[in-house]
Each structure stands twice: as structure tokens, then as C-alpha cells.
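J.: Dropping the structure in here first, questions after.
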Amino acid sequence: MRERHNSIALALAAILSVAANMFPIVAWGHAFPSGEEPRVGSTVKTPPTSVVIKFDNPIEQLFAQLAVTDGAGHDVTAGAPTRSEDKRELSVLLKPLAPGDYHVKWSVVAEDGHRTEGGYLFTVAAGS
């Protein structure tokens, strides 16, 4: 009796293995940053005129958000964020920046419909 249960379990495992290989699961590609300018945690000597975030998967323009604030929480963006033609970069122009810390906050929806968000800091060095 026990041998029969083992045989049935092995047969079922083999069937499931074949079925899994016949119908692979589609990998959904959430969009995560693959690079930033200015870089995460960087200190720059020259104040940047924009922030650019590159993503590892295409993003939707309609839901893309990119905000930059100074140490006091004031918005220093100079317009709405834009998406590149290849749909993998999000950028925003900046007002002239004084020395200090800046917080970048982003939120995007990948073309597969999944939202990701995050943020980071960069610093503009004094004497720039």
C-alpha cells in the first residue's frame, strides 16, 4: 500500500514538473532605478540643473512623479517631470540650487501596472 502511494506521488510530481515547464510564469517587471544623476548620497560641487532617474523597465508618463525639495521642504523643481522616448528615464528641471541637502522623491508605474516608489538625498557643497 505504501509503495502505491509513493508511486502515485512520484507520478504526480512528474506531471506537475512537465506542466510547469510547458506553461512558464511570466515575470512581471516592476520598474526600479538603475541609475540616478545626481547619484544617491552624492555631494556635488556644481549645482545640478536637473535630476534624472533611469529605470530598468519602461514606465508610464501619466503616473510618473518626481519631486525635489530642499532642507526646509521647499519644492525646487522647475516644471513637471518628463519621460524619455525609450520610456526608461524620468527627469525634472531644477530651480537654481544653493548649497545644502536635497531630497529626491519618485513614484512610477511600470507598463505592467505595478507601482514602485522611493527617494534619496544628495548634497550641493558649499562654495559652489
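Throughout, read-outs are computed from the coordinates displayed, never taken from laboratory work. Note that the structure is a prediction, hence the values are computed from the model and not measured. Positions of Cβ are backbone-derived with ideal geometry, glycine not excepted, and every protein chain shown enters the neighbour counts.
J.: Can you pull out every residue in region 87-116 that is over 10 Å from V68 (Cβ atoms), free of Cβ contacts under 8 Å to residues at least 40 places away in the same chain and in a strand (DSSP E or B)?
T.: E89, L90, G100, D101
J.: Please verify whether V40 is in a strand (DSSP E or B), farther than 17 Å from E111 by Cα and either touching a residue at least 24 places away in the same chain (Cβ under 8 Å) or polar (S, T, N, Q) (or both), treating the condition exactly as stated. Walk me through it before giving the result.
T.: Details: in a strand (DSSP E or B): no; farther than 17 Å from E111 by Cα: yes; either touching a residue at least 24 places away in the same chain (Cβ under 8 Å) or polar (S, T, N, Q) (or both): yes.
No; evaluated as a whole, the condition is false for this residue.
J.: Of all residues in region 100-128, how many are over 22 Å from the mean Cα position of the chain (by Cα) and either surrounded by 15 or more Cβ atoms within 10 Å (Cβ to Cβ) or among the β-branched types (V, I, T) (or both)?
T.: Going through region 100-128 one residue at a time, the tally reaches 1.
J.: Restricting to region 79-122, count the residues that are over 14 Å from D56 (Cβ atoms) and polar (S, T, N, Q).
T.: Selection size over region 79-122: 3.
J.: Between a first residue in region 68-86 that is under 20 Å from A31 (Cα atoms) and a second residue that is part of a strand (DSSP E or B) and of a type in the set (S, T, N, Q), which pairs have beta carbons less than 8 Å apart while being 6 or more apart in sequence or on different chains?
T.: As it stands, the answer is V68/T77; P81/Q65; P81/S91; T82/S91; S84/S91, since those pairs meet every condition given.
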